[in-house]
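Right, one structure below, let's go through it.
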Amino acid sequence: MYFLPNLEDPYFDPTQWEDILVHIQGHENEYLVFQTMDSSHSYRIMENFTSSLDESDTRLDLELALARPRPFHHFNALVRDSLMNEKWADFKFSAHMDWVKSQIDCYELVS
């Protein structure tokens with residue numbers, strides 16, 4: 001398993017990844033490619049987390065953070081400084097696992 005940043009990124013420096021790129025070259029068909037989650041999907045995960053909370057001041061604060069400009073910044077700042085930090089980490093981990101599983105399903109590897 002290898003992790004590579006987006007090769008199309010203008011800031012991608014192939015010299016830092018040369019060993020991996022040489023190893024993969026000519027064997028691309030032997031690897032599965034997983035796409036990173038786009039920001040709209042990440043935003044929906046934050047919305048789903050917020051919706052999963054009981055009605056409270058924290059939920060209202062998170063809803064307001066998501067409605068503001070720079071919602072990722074404001075949402076993460078609120079969660080980071082609250083007792084919700086661990087609950088959010090677990091929720092986000094589960095959502096990311098679902099994201100990867102859905103991509104595995106596309107490769108028809110899971111029955």
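Table for the structure above
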{"read-out": "Proximal charge balance of Ser56 [Cβ under 13 Å; K/R count +1, D/E count -1]", "value": "-3"}
{"read-out": "Relative contact order computed over the chain (Cα-Cα under 8 Å; 6+ residues apart), in percent", "value": "19"}
{"read-out": "Mean Cβ count within 10 Å, highest first, over the residues of peptides 77-84, 58-65, 93-100, 20-27", "value": "58-65, 77-84, 93-100, 20-27"}
{"read-out": "Relative pair counts by distance (%), Cα atoms of the stretch 39-106, 5 Å bins", "value": "3, 17, 28, 26, 13, 7, 5, 1"}
{"read-out": "Between helix 57-67 and the chain: long-axis angle, C-alpha atoms, 0 to 90°, nearest 10", "value": "50"}
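Each reported figure results from applying straightforward, stated rules to the coordinates on display, with no laboratory input. Since the model is a prediction, treat every value here as computed from it, not as a measurement. We place every Cβ from the backbone using ideal geometry, glycine too, and count neighbours over all the protein chains shown.
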